[in-house]
Amino acid sequence: MENVLERPTQREQQMASESVANFKSAVFGRTSDSVNISIQESGESFAIPRKALEFLSNILSVMAEGKAISLIPSESELSTQQAADMLNVSRPHIVKMLEDGVIPFKKAGSHRRILLEDLMKYAGQQKAITKRNLKMLAKQAQDLSLGYE
């Protein structure tokens, strides 16, 4: 099950931006694994896990940047198009990586399904490789005195 929050409006973006700093200061730095929440409008109070509040803090930060948000349970299986959208590549490129064994997948009939966990593992590996290569290029530019400081 996937929940997609559309791109926030300007007003929502502004509200998220104004509240994210206050929210973080109220949530972080506490030691308990739950937080008591009071809804001012209804007067209801209840406890929620600290991790849920940390996640909400991340959602507010993303909303403040004006980005859309997609929530997908970690055990989810993705279609090739969903995987391509997440990695910002074409669907045929994803299919080729699957068929080459770069990312594990299974078939459901004629459809390929990718575990979100496997896709995120691949994305993390690619990010680490990119970071390492950029550091190497920066070092080469400095060693060769190419004018980059």
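Each value in this text was obtained by applying a stated rule to the coordinates, not by laboratory testing. Quick caveat, the model's predicted, so the values are computed rather than measured. A quick note on method: Cβ atoms are made from the backbone with ideal geometry, for glycine too, and the neighbour counts reach across all protein chains shown.
Quick check on residue 83: is it closer than 30 Å to residue 13 by Cα, surrounded by 14 or more Cβ atoms within 10 Å (Cβ to Cβ) and of a type in the set (Gly, Ala, Ser)?
yes
Restricting 135, 106, 121, 139 to residues that are within 25 Å of residue 59 (Cα to Cα) and among the basic types (Lys, Arg) narrows the list to 121. A residue that is touching a Ser or Thr at 6+ places or on another chain (Cβ under 6 Å), more than 25 Å from residue 121 (Cβ to Cβ) and not polar (S, T, N, Q) occurs nowhere in region 28-44.
The set of residues in region 87-102 being under 15 Å from residue 125 (Cα atoms) and surrounded by 14 or more Cβ atoms within 10 Å (Cβ to Cβ) consists of 87, 97. Looking at residue 103, is it aliphatic (A, V, I, L, M), within 21 Å of the chain's Cα centre (by Cα) and farther than 23 Å from residue 68 by Cα? Considered against the rule, which asks whether it is aliphatic (A, V, I, L, M), within 21 Å of the chain's Cα centre (by Cα) and farther than 23 Å from residue 68 by Cα, residue 103 comes out as yes.
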